[in-house]
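Worksheet for the structure shown next.
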Amino acid sequence: MGEYSMFSEGDKVPKGGVYIEDGENGNHDGVKNPLKVELAQGQRFPKNSNHNRKWKYLK
């Protein structure tokens with residue numbers, strides 16, 4: 001079983017790193033000025049700038 005790749009506000013961070021906002025269905029083409037955050041493992045994802053967005057691992 002694999003690791004989830006899209007996360008919602010309030011979910012726990014599975015591994016530390018930089019996360020970026022992405023479209024709800026992984027469609028990042030329409031996302032302008034996405035938020036980027038650096039989080040440590042176990043922290044909670046912050047609120048997205050748009051309720052239709054999810055967090056995705058960047059690096």
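Quick notes on this structure:
- Ordered by the number of other Cβ atoms lying within 10 Å of each residue's own Cβ, fewest first, 11, 22 fall into the sequence 11, 22.
- Cut-off 13 Å between beta-carbons: net charge of the residues surrounding residue 10, Lys and Arg +1, Asp and Glu -1: +2
- Separation of the residue 47 and residue 59 label points, Cα + 7 Å toward Cβ, nm: 3.0 nm
- Gain on full stretching of the segment that runs from residue 35 to residue 20 - 0.36 nm per residue minus C-alpha separation: 4.8 nm
Bear in mind these aren't lab numbers, they're just calculated from the coordinates by the rules spelled out. Here the structure is a predicted model, which is why all the values come from computation and not from measurement. Using ideal geometry, Cβ is built from the backbone for each residue, glycine included, and neighbour counts are taken over all protein chains shown.
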